[in-house]
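The values are calculated or read from the model by the stated rules, or taken from the named source; none is laboratory data. Since the model is a prediction, treat every value here as computed from it, not as a measurement. Positions of Cβ are generated from backbone atoms using ideal geometry, with glycine treated the same way; all protein chains shown enter the neighbour counts. What goes into the accessible areas is simple: the full protein's heavy atoms, side chains included, and nothing from ligands, DNA or RNA. Shrake-Rupley method; radii C 1.70, N 1.55, O 1.52, S 1.80 Å.
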Amino acid sequence: MKHQSRPAQWRLPQRLRAILILLTAALVAVGAPLVTSGSASAGTTLGASAAEKGRYFGAAVPAFKLSDGQFAGILDREFNAVTPENEMKWDATEPSQNQFRYTGGDQIVSHAQAHNMRVRGHTLLWHAQQPGWAQSLSGTALRNAAMNHVTQVATHYRGQIYAWDVVNEAFADGGSGARRDSNLQRTGNDWIEVAFRTARAADPAAKLCYNDYNTDGVNAKSTGVYNMVRDFKSRGVPIDCVGFQSHLGTTLPGDYQANLQRFADLGVDVQITELDISQGSNQATMYAAVTRACLAVTRCTGITTWGVRDSDSWRSGDNPLLFDGSGNKKPAYTAVLNALNAGGTTPPPGPVDTSAWYVLLNRNSGKALDVYGASTADGARIT
Ligand code: XIL
């Protein structure tokens, strides 16, 4: 049998197939396709439009702004993912050793759950925003405290986090491509892989990411990260994704998309995790280009902006976000939405390719008997 891999129920009888092909030819000839796919209506919000492309669109959220009506109104209308801006960092979650505080993080998670939003956990280990007690530890004591932190926090949020930034910003700037010096790095070069294994054990369902900045084009730093990810994949260290912060100025690296793609080609998802772009004449153009780059990379699963309104941004004075300080949509917002809505739908990979459908018609009545996804049919294709 030629089509052994195809389940019997999907096989079209020879004669019906011939009818289908003829009908297709006839309808195409008169310009009236039977079924069009990729015809989902263009979304009117960032989240809905991203979802039509099988992706999420998120924002960094500080817990205290959930009670700001304007902030929460925009968040709930436009976004379908959140990243706690500070609430899941080490200084926030473990202010004293072994005493954990989850108040802010829990508020954000429950808001997200009530509004069907994904949560990006940020971040389990980082050289910055460590509690004072951790800053003063070193060696085995610090290593053990760090891994206990990973276990406790990832266990607390087990099953509720879409993706964790397990380790943040561990590579040095400049041309070395080497690790950044830090108290964590000084506990031994294997601290990152131990953190990933520890996080996997605590929350097997979360995607585990490495996240960094100035890695947005092909450069020495991003190549350092690339080599680490390649090494981790080859040795079975559990890494699922790489986050590109994308705190951008007024130019986008020409190889932005190619850089995302080279990581995706290693077998990890890629995400734009902290996007903000200086306000300038090309802010909208750059936002659109970043959006298109993510859409063009199959394994780019979503985009997060680091805040909602310009007034929420950590980059005061740069006005780098999609909404102005009064909550109005900026030209950059429209550019992103249009980029998300352009082209056909690109659903996430699955067993049935819904970018094209085949309709099987009853020869006498002309009524549809069945509809087949492209990957399960052969012969004529109606797009
Ligand atoms: C920033 C927050 O936005 C600020 O509120 C905080 O004072 C400092 O950290 N890279 C990261 C984020 O991974 O955690 C940082 O967030 C911005 C840079």
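Data table
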read-out	value
Residue in segment 161-168 that is more than 23 Å from Trp133 (Cβ to Cβ), more than 22 Å from the chain's Cα centre (by Cα) and open to solvent by 10 Å² or more (accessible area, probe 1.4 Å) present	no
Test: residue in segment 33-54 that is crowded, with 20+ Cβ neighbours inside 10 Å and within 16 Å of the ligand (Cβ to nearest atom)	no
Every residue from segment 130-150 that is open to solvent by 50 Å² or more (accessible area, probe 1.4 Å) and either polar (S, T, N, Q) or modelled with pLDDT under 95 (or both)	Gln135, Ser136, Ser138, Thr140, Asn144
Hits in segment 73-95 - residues which are of a type in the set (Lys, Arg) and within 14 Å of Gly327 (Cα to Cα)	Arg77
Number of the condition not met by Gln70 [criteria: (1) surrounded by 19 or more Cβ atoms within 10 Å (Cβ to Cβ); (2) more than 20 Å from Asn168 (Cα to Cα); (3) touching a Gly at 6+ places or on another chain (Cβ under 6 Å)]	(1)
Set Trp133, Trp164: member being within 15 Å of the ligand (Cβ to nearest atom) and touching a Ser or Thr at 6+ places or on another chain (Cβ under 9 Å)	Trp164
Scope segment 88-127; condition within 15 Å of the ligand (Cβ to nearest atom) and open to solvent by 30 Å² or more (accessible area, probe 1.4 Å); matching residues	Asp91, Trp126, His127
Residues within segment 273-322 that are among the hydrophobic types (A, V, I, L, M, F, W, C) and out of contact with any helix residue (DSSP H, G or I) (no Cβ under 6 Å at 6 or more places or on another chain), tallied	8
